[in-house]
Every structure is written in structure tokens, then in C-alpha cells.
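J.: What follows is a structure written as C-alpha cells; I'll ask about it next.
The values are calculated or read from the model by the stated rules, or taken from the named source; none is laboratory data. Just so we're clear, the structure is a prediction, and the values are computed from it rather than from any experiment. Positions of Cβ are generated from backbone atoms using ideal geometry, with glycine treated the same way; all protein chains shown enter the neighbour counts. To get the accessible areas, we keep the full protein, side chains included, count just its heavy atoms, and leave off ligands, DNA and RNA. Shrake-Rupley method; radii C 1.70, N 1.55, O 1.52, S 1.80 Å.
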Amino acid sequence: MPSRGSRGSHGSGGGALRGGPQPGRSPRTLVAALVGGVLPLLAALCLAAAPAATAAGTAPAAPTAQLVEVNNFGNNPTGLRMHLYVPDNVAPQPALLVAVHYCTGSGPAFHNGTEFKSLADRHGFVIVYPSATRSGQCFDVSSQQALRRDGGSDPVGIKSMIDYVQQRNNTDPDRVFVVGASSGAMMTNVLLGNYPDVFKAGASFMGVPHSCFATTDGSSWNSACANGQINRSGQQWGDLVRGAYPGYDGPRPRVQIWHGTQDNTLRYPNFGEQIKQWTNVHGVSENPSSTDQPQSGWTRTRYGGTGDRAPVEAISIANTGHNLPQGGQAARAITFFGLDGTGAAAR
């Protein structure tokens, strides 16, 4: 493209602009000279600036959406708190992600401390963050009420949050997902078992199988499970899931399982027990269909399929303790769900 200088020198008007009025010219002639010089110069300025503007593009506006607490959202036996995040660029009939925090945490802390918010900003889905209110801020995954559909306790309150958002934010009932870390990962497995007709898929970061933490003495902590000392067959684990919603014979949500090999809080054997449970629930082999290392230190196995939509996907993180998800792992969960615009879960 011609330079600004070459275009500005075109025509006799350039001399008039540089040298001022010339003796012996009439006003009409002078006006014509001025117009003849100004218009090419303006055109040159616009044309020369256009490539720079196009190349740079328009910087996207910083997100202005805020995390909002919602009260009176429905049946809530244990007094859970609810926070809702709707991104600025929310999609039409968006997907809904339930993100469940760890012990001692809260919904706002999980929102601020993970990458799910930025992923919602990018892909337009809505996030619900439940907050536990009991001592220690752990979710109930131990009581008999919590381990069956509509039995009471925390799962009922979380289901009420989902219903509330679906009614008021027009979320897609066929694209509801759950993700959790530690106590939230245990709750993820509980919700997938109790409400298989509600969730399309879930991701458990550092969890234990559904019903592994069950107690009968009113305690909320099960040391044998936490220490990885409960070992059952796939059939036994699967029966516990099926018993949470007796008679249900519909499709089951896909499950992604994450665990660090050096986890000393919810020990690593729980990783294999979860794989046994969910492969049995899906009726697929405990032998992986594929094994790979998507990045250094990760070993990924898939069961019942080999792609991003396998019924069960498990990722073991070498030399890592009880501190997941780490950078980039939330995005991998979003890919497994199909919320990044790929796969069957995308609209």
C-alpha cells in the first residue's frame, strides 16, 4: 500500500497547503486548491491507519459479571448457601456447571481459586457454587439421607439450586455437569449416583467412590475410606450407586476421575476404587481401552471408549499430593464435558 507521504504529495494542492495563498489567484481558485489538497490528504490518513487498526483488532472488554448470592432457592434441609455466576457472554440456553468446594472452603473461594470462572467467561456457561455450612465446611457424604435420591441433607439442597437456575436462567436441562475437589469430589460422585437423570457428566478431583464414606454412628469422617482401606469389587461398588436410585434404568452420566499418587488425605487407592465403581455402573471393562500421557506426569486411561467422550476417563498425576485441580486441569474437565464447543455436549 502507498505510504502516507506518497499520497500526501499528489496534486497541486499540496503546494498551496505548504506555502499558503499564492498571489494572483481568485478566491474561487484558492478554495478549489485547498479542497483539492485536503481531501487526498484525509483519504491518505484514513487508508494508512486502517491496516494498523485491523491488525490490532478491538481489545475485548474485561468481564464485568459478578458472583451473586441467591437466597430462598427452594428445599434446603441443611441450610447450604448458594452463589451464582452468569458470564457477560452467556450463551443462549446455556449449560450449567455445579462446582463443589473442598473442606474448609466456600463457593466464593472455589470461584476465585480455580479456573472455572475464566472458562465460563470464554465459553458462556453458567456456574452454581454451593457452600457447606456445617463445622469444617465439609459436605455430607456420610449419612444415609445423603446417599439416596431425595433422602435429605446436602444433595437435596444442591438439586434445588439446579432447579432454581433452570427455571430463572433458561439453562439447558440436557447439559448439567458437576465438578468438585476433595469433599466436593466426594459429593460429585454422590450426586452422579443419586441423580443420574439430572447430570450429563461429572469430574472428581481427589475423591472417593459413592458410599465409601458412609457411617452409621453420626460421624462425618470415615478413616478407613480416607486411608484407602476399603476395597470392593466393581459389582459391589456399582450396586451402591444403583441402590441410591432403585429402579432407574436410564443412561448414566460419564465420569472423569483425577488423583495424585502422593495424596495423604484421601489416599491414592481410592482412585482405583472409583474406576471399578463407574466402569461397573456403565457396564464396561475395568481394562482400559486406551492409555496415554497427555502431558508430563499425567497417565490417562479411558474405559468403554478412546476419545474425549469415553464413559469413564481417569487421570493419575505422579508425585502430587492433595492439591488438585492444578493449572490446565479445569480446562481438561471442560473438554471432557464438551463445554469448550466440541463434542456431543456442545450445542
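J.: Looking at R309, R300, which is the one that is of a type in the set (K, R) and part of a loop (DSSP other than H, G, I, E, B)? Let's see the steps before the verdict.
T.: On the way: R300 fails: part of a loop (DSSP other than H, G, I, E, B).
Matching residue, one of R309, R300: R309.
J.: Is there any pair linking a residue in the range 331-347 that is over 18 Å from T188 (Cα atoms) to one that is outside any loop (DSSP other than H, G, I, E, B) and at pLDDT 95 or above, with Cβ under 7 Å and at least six apart or on different chains, and which?
T.: D340/H123; D340/I334; G341/H123; T342/T335; A345/F337
J.: Something else: Out of G136, G113, report the one residue that is farther than 20 Å from G202 by Cα, among the small types (G, A, S) and surrounded by fewer than 16 Cβ atoms within 10 Å (Cβ to Cβ).
T.: Working: G113 fails: farther than 20 Å from G202 by Cα.
Among G136, G113, only G136 is farther than 20 Å from G202 by Cα, among the small types (G, A, S) and surrounded by fewer than 16 Cβ atoms within 10 Å (Cβ to Cβ).
J.: If you don't mind, there's one more thing I want to ask. Considering only residues of the range 322-347 that are open to solvent by less than 20 Å² (accessible area, probe 1.4 Å), modelled with pLDDT of 95 or more and in a loop (DSSP other than H, G, I, E, B), which is nearest to P251 (Cα to Cα)?
T.: In this case the residue turns out to be G338.
J.: Considering V126, V141, which residue is of a type in the set (V, I, T), modelled with pLDDT of 95 or more and in contact with a Pro (Cβ under 6 Å, 6 or more places away or on another chain)?
T.: Going through V126, V141 in turn, the sole match is V126.
J.: Please verify whether G305 is open to solvent by less than 50 Å² (accessible area, probe 1.4 Å), more than 23 Å from L97 (Cα to Cα) and not acidic (D, E), treating the condition exactly as stated.
T.: Working: open to solvent by less than 50 Å² (accessible area, probe 1.4 Å): yes; more than 23 Å from L97 (Cα to Cα): yes; not acidic (D, E): yes.
Yes: the conditions hold for G305.
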